[in-house]
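Colleague: Once you've had a glance at the structure underneath, I'll fire off some questions.
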Amino acid sequence: MGFPMARRLCEAGHTVSVWNRSKDKAERLLPMGASVHATPAQAVQNADFVVTMLDNGAVVNHVLFDLGAAAAMSNGAMVVDMSSIKPAEARGHAARLQSLGLRYLDAPVSGGTIGAEQGTLAIMAGGSEADFAAAQALLCVFGRATRVGPTGSGQLAKLANQMIVGITIGAVAEALLLCEKGGADMAQVKAAITGGFADSRILQVHGQRIVERDFAPRGRMTVQLKDMRNALSTAAELGFDAPVTAALEQLYAHGVAHGDADLDQSGLFVELARRNGMQ
């Protein structure tokens with residue numbers, strides 16, 4: 001995700017400084033005009049905005065605070081964290097950054113690598129209205145941004161997104177698998193229900209991957225599992241019962257435990273097929 005997003009910033013004429021723990025990944029941006037740095041602290045110096053796209057909240061914390069990025073930022077600069085982390089983690093990061101005279105938006109995204117490449121990501125932002133307005137010129141490079149509430153709300157909206165995605169993938173996979181078990185042609189079933197109430201972006205994209213048995217990773221099973229677990233953790237903090245999410249979390253966990261960790265999230269189909277004795 002980070003590479004196509006950084007490339008779009010370069011193409012839009014922004015001055016871009018990058019860091020990645022795997023330097024060769026960052027160096028792919030050199031021909032596009034980006035400067036590559038050996039440490040996060042070096043990359044953020046003199047930046048007005050610092051965009052993070054990292055694996056989880058612990059890694060964001062490590063990069064910002066343990067590796068010195070926050071301490072090296074200019075007073076009044078803004079961190080725009082586009083990683084998918086827990087709302088509580090986002091609020092904690094915001095408080096620490098604000099104590100250093102820095103601004104913060106949590107702005108996770110949906111749309112996958114394709115959306116990152118095309119600049120059509122759905123961006124869910126949490127933070128003050130003033131900070132959201134100040135970041136518009138940056139966010140519009142990536143896609144369509146909506147402020148959904150105060151700090152942490154962006155991550156809450158992303159959890160809602162991932163709950164819907166993960167649950168719907170399960171519904172599509174189970175339904176198509178049932179049809180195959182009964183002797184129907186899955187591709188034709190998908191075509192037949194397209195345009196009806198069961199149609200969705202998930203049916204069109206992930207359903208097609210299921211029909212083609214194309215489970216090359218775009219969004220991995222492990223990432224979907226992480227998001228489902230973050231949703232359940234947040235629900236527990238709020239005293240909210242989420243039984244549907246809990247059921248799907250178990251299915252993704254079983255798939256990962258059975259060796260499907262590096263499959264695309266639509267690879268949940270493989271776990272469901274395994275349970276039904278189908279190849």
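The values are calculated or read from the model by the stated rules, or taken from the named source; none is laboratory data. Keep in mind that this is a model prediction, so the values were computed, not measured. All Cβ positions, glycine included, derive from the backbone under ideal geometry; neighbour counts span all protein chains shown.
Colleague: Starting from segment 56-76, take each residue that is under 18 Å from N20 (Cβ atoms) and list its partners that are of a type in the set (D, E) and at pLDDT 95 or above, counting only C-beta distances under 7 angstrom and pairs at least six apart or across chains.
Modeller: Close Cβ pairs (under 7 Å, with a partner that is of a type in the set (D, E) and at pLDDT 95 or above) amount to V60/D81.
Colleague: Which residue is modelled with the highest pLDDT, if the candidates are limited to segment 107-148 and must be among the β-branched types (V, I, T) and within 18 Å of L54 (Cβ to Cβ)?
Modeller: Per the criteria, the residue is I123.
Colleague: Quick check on A261: is it within 17 Å of the chain's Cα centre (by Cα), farther than 23 Å from A88 by Cα and among the small types (G, A, S)?
Modeller: yes
Colleague: For segment 124-142, name all the residues that are in a loop (DSSP other than H, G, I, E, B) and either under 17 Å from the mean Cα position of the chain (by Cα) or farther than 19 Å from A12 by Cβ (or both).
Modeller: Passing the criteria: G127, S128.
Colleague: Is at least one residue of segment 173-192 closer than 30 Å to A6 by Cα and under 23 Å from the mean Cα position of the chain (by Cα)?
Modeller: Checking segment 173-192: not a single residue is closer than 30 Å to A6 by Cα and under 23 Å from the mean Cα position of the chain (by Cα).
Colleague: Shifting gears a bit: With respect to the numbered conditions (1) in contact with a Gly (Cβ under 8 Å, 6 or more places away or on another chain); (2) among the polar types (S, T, N, Q); (3) closer than 30 Å to P4 by Cα, which one is the sole condition not fulfilled by T245?
Modeller: Just one mismatch for T245, condition (3).
Colleague: Counting only residues that are not small (G, A, S) and not in a helix (DSSP H, G or I), which one in segment 105-123 is surrounded by the most Cβ atoms within 10 Å (Cβ to Cβ)?
Modeller: D106
Colleague: How about segment 18-39: which of its residues are more than 21 Å from the chain's Cα centre (by Cα) and either surrounded by 20 or more Cβ atoms within 10 Å (Cβ to Cβ) or not assigned by TED's automatic domain parsing to the domain that holds G115 (or both)?
Modeller: Hits for segment 18-39 are L29, A34.
Colleague: Condition first: in a helix (DSSP H, G or I) and among the hydrophobic types (A, V, I, L, M, F, W, C). Can you find one or more residues in segment 143-154 that meet it?
Modeller: no
Colleague: Mind listing just one residue for me: the one in segment 199-248 that is charged (D, E, K, R) and over 17 Å from the mean Cα position of the chain (by Cα) and, of those, farthest from A184 (Cα to Cα)?
Modeller: Step by step, filter segment 199-248, then rank; the result is E237.
Colleague: Within segment 225-240, can one find any residue that is polar (S, T, N, Q), within 19 Å of A273 (Cβ to Cβ) and out of contact with any strand residue (DSSP E or B) (no Cβ under 7 Å at 6 or more places or on another chain)?
Modeller: Among the residues of segment 225-240, not one is polar (S, T, N, Q), within 19 Å of A273 (Cβ to Cβ) and out of contact with any strand residue (DSSP E or B) (no Cβ under 7 Å at 6 or more places or on another chain), which makes the answer no.
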